[in-house]
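Participant: Submitted below is the structure of interest, expressed as structure tokens.
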Amino acid sequence: MIAEPKSYPRVEADAAWSAATQRVEAYLRAHRLADASRIAELAADIVGLARSRPQPGVNPTTQAMETLDACMSAWFERLLPGAEVRDEQLLLRGRTALAMGNVPTRWPGNFLRGGALPMELVQAMRDPELRPGPEIQFRHMAPAEPVVAAAWANWPASLRSPYPRIVGVLLMAISAIGAAWAAPL
């Protein structure tokens, strides 16, 4: 969980930390946080927090994303009932509740922030539960007649027999040969 905005050093023009900031911003946008200034503020705070805890040999993007996961876990622990708080499922349950409760869109100022939270936000995070969809029911449906068969049935009976078709193909072949012969003249 991120505390109220502090004076974390803003991200400098360092390429690795700039890439980390872009990744954190993309991750926040993936959670449907729409306000660009809010995204930039949260990303700067998270990357600033990650930079204040240096880990030699760790990629800055990895370090920033781990910090973001830790912040999200701490925020979810505050909001979700104690029985559901298990390390391996906390982030999954929290992200599901975020999406189903539309939390980042409805309360962007409270997303990942400390302090008192609106009761509606807490309720929106606790209420969502996954329910099974409607039961699948199979219905009998006769297969549709193929389009080719339907078109063939509409042809006159005289053209459906093989002899008129053979004559028609021969006439078309003779016409094509005659046209090819007459073209050079």
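Each value in this text was obtained by applying a stated rule to the coordinates, not by laboratory testing. Just so you know, these numbers come straight off a predicted model, no measurement behind them.
Participant: Return P(r) of segment 15-126 (all Cα-Cα pairs; 10 Å bins starting at 0; whole %; ordered from short to long distances).
Facilitator: The distribution over segment 15-126 is 14, 46, 32, 8, 0, given as percents.
Participant: Would you mind calculating the gained length between ARG32 and GLN55 on full extension (0.36 nm times residue separation, minus the Cα-Cα distance), in nm to one decimal?
Facilitator: Details: separation 23, 0.36 × 23 = 8.28 nm, distance 2.99 nm.
Between ARG32 and GLN55, full extension yields an extra 5.3 nm.
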